[in-house]
Amino acid sequence: MKRSKDGVSRKPLILFLIAIMMFAGPLGNVLLGKGMKQVGSLWVWPPPKLIATGIKIFGTGSIWLGIASLMIFIVAYMLALSLADYSYVQPVSSFAYGVVALLGHVMLGEYVSWLRCAGITVISMGVFIVSRTKPQTTEHF
Amino acid sequence: MPHYALLALIVLAGTGGELCVSRAMKEAGEPFHLHPSAILKTIFAALRTPWMWLGIGMMATAFFALLGALSVYNVSFVVPVTALSYVFGALGSTLFLREQVTRGRWLGILMVAFGVTLVFLGKS
C-alpha cells in the first residue's frame, strides 16, 4: 500500500475508488441491459435497417448512462491501480458478478434462480483465485 | 439457439481482442519511465502495430455482441457467462503468447467454467 509524500495513508481513497468500481461496473452493465430491452428487436440486414437499429440504440438514454457508468468504472480502476498493487485491486472484480445479479433483480426485476446464484458464487470464487495468483512477465516478442 | 452465437462472440472476440492488444503492447515494449510523454510514446508505438488495430476491432465487435445479447437475455445471465473469457484467456495466453499458467490459476479457471455451467443450468 503506497503512502503520499506527506506520509498520509491512501487507504481511504483506495477503498473509495474500489467502492466506485464495485458499483459503477455492474451498474453500467445493468443500464446497458435496460437500454437494450427498451430498443426491442434488432435488425442487422439490409444495411438501412442496420443503420436504423444503430440510431435506435444510441438514441436510448440508458445506453449512454451505461457507457458513462462503465467509463467511470475504468477511470476508478486505473486510479486505483496507480495507488495500489494490481493483486490488491483485481480480486474486487470477482464480486462484480454478484452485484450485477443483485442490481438486475432490484432494478430490472429479473428472476435469479438458486442455481444461478450458486453458479455466480462459484464464478466469483474462481475469479478470486485467478486474481490472487502471481502475475508473471514473459518476454517472447 | 442462434442467440448463443452472440455469447460465443462476446467471449471469443473479447478475449481475442485483449490477446491482440497484449501482443501489441509487448511488441511496443514498456515505457522507460512513467512520464506522460514516455507513456504516450509507448501507446503510439503500439498503435503502429497491426495487432493493436485487430484487437480494437475485435473488442468493438465484442461490445456490440454484448448489446445484442442483452436485448435477448437477462443481464444476470449474460455477465456471469462472459466470465468464460478467463478460460479462453488462459488457453489463448498459453498458445498465442506462450505464457505459463500456474496450477493455482488453472484451478480458478476450472471453477469459473463450473460456475458458468451452473448459470447455464439455472437459466429458467
Legend entry - Cα-based Rg and Dmax for chain B, where Dmax is the largest Cα-Cα distance (Å): 16.7, 53
Inset, instruction - Over all alpha-carbon pairs in the protein assembly as shown, figure out the percentage whose distance exceeds 24 Å. - result: 54
Legend entry - Candidates B:43, B:56, B:109: whichever shows maximal mean-square fluctuation once chain B is modelled as a Gaussian network with Cα springs under 10 Å: B:43
Legend entry - Of every Cα-Cα pair in the stretch A:11-131, the percent that sits beyond 25 Å: 36
Inset, instruction - Evaluate the relative contact order of the stretch A:11-131 (contact order divided by residue number), counting alpha-carbon pairs under 8 angstrom at least 6 apart; express in whole percent. - result: 35
Legend entry - Heavy-atom accessible area ranking, 1.4 Å probe, most first, across A:50, A:81: A:50, A:81
Legend entry - Theoretical FRET efficiency, 1/(1+(r/R0)^6), r = Cβ-Cβ of residue A:19 and residue A:49, R0 35 Å, to 0.05: 0.25
Inset, instruction - Show B:52, A:107 ordered by accessible area, largest first, where the area counts protein heavy atoms only and the probe is 1.4 Å. - result: A:107, B:52
Inset, instruction - Excluding residue A:42 itself, calculate the net charge of residues whose Cβ lies under 12 Å from the Cβ of residue A:42, where each Lys or Arg counts +1 and each Asp or Glu counts -1. - result: +3
Inset, instruction - Run the accessible area of the stretch A:1-125 with a 1.4 Å probe and give the carbon-and-sulfur part as a rounded percent. - result: 75
Inset, instruction - Just grab the label-to-label distance for residue B:48 and residue A:121, each label 7 Å out from Cα along the Cβ direction, in nm (one decimal). - result: 5.3
Inset, instruction - Provide the solvent-accessible area of residue B:26, counting protein heavy atoms only and rolling a 1.4 Å probe, rounded to the nearest 10 Å². - result: 60
Legend entry - Interface residues in the stretch B:76-101 - accessible area drops by 10 Å² or more relative to the isolated chain, probe 1.4 Å: B:76, B:77, B:79, B:80, B:83, B:86, B:97, B:98, B:99, B:100
Inset, instruction - Take a quick pass over chain A and tell me how many lysine pairs come in under 23 angstrom between Cα atoms, counting only ones 8 or more apart or on separate chains. - result: 7
Inset, instruction - Step through the residues of the stretch A:56-71 one at a time and calculate ³J(HN,Hα) from phi using the Karplus curve (6.51 cos²θ - 1.76 cosθ + 1.60, θ = phi - 60°), rounding each to whole Hz and writing x for Gly and Pro. - result: 5, 5, 7, x, 9, x, 4, 5, 5, 5, x, 5, 4, 5, 5, 5
Legend entry - Under Karplus coefficients 6.51, -1.76 and 1.60, residue-wise ³J(HN,Hα) of the stretch B:48-62 in Hz, glycine/proline x: 7, 8, x, 4, 4, 5, 4, x, 4, x, 5, 5, 5, 4, 4
Legend entry - Distant-in-sequence amide H partners of residue A:110 (H built 1.01 Å from N, under 5 Å): A:105
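The values are calculated or read from the model by the stated rules, or taken from the named source; none is laboratory data. Here the structure is a predicted model, which is why all the values come from computation and not from measurement. Glycine gets a Cβ as well: all are built from the backbone with ideal geometry, and neighbour counts include every protein chain shown. When the accessible area is computed, the model is the full protein with side chains, heavy atoms only, and any ligands, DNA or RNA have been set aside. Shrake-Rupley method; radii C 1.70, N 1.55, O 1.52, S 1.80 Å.
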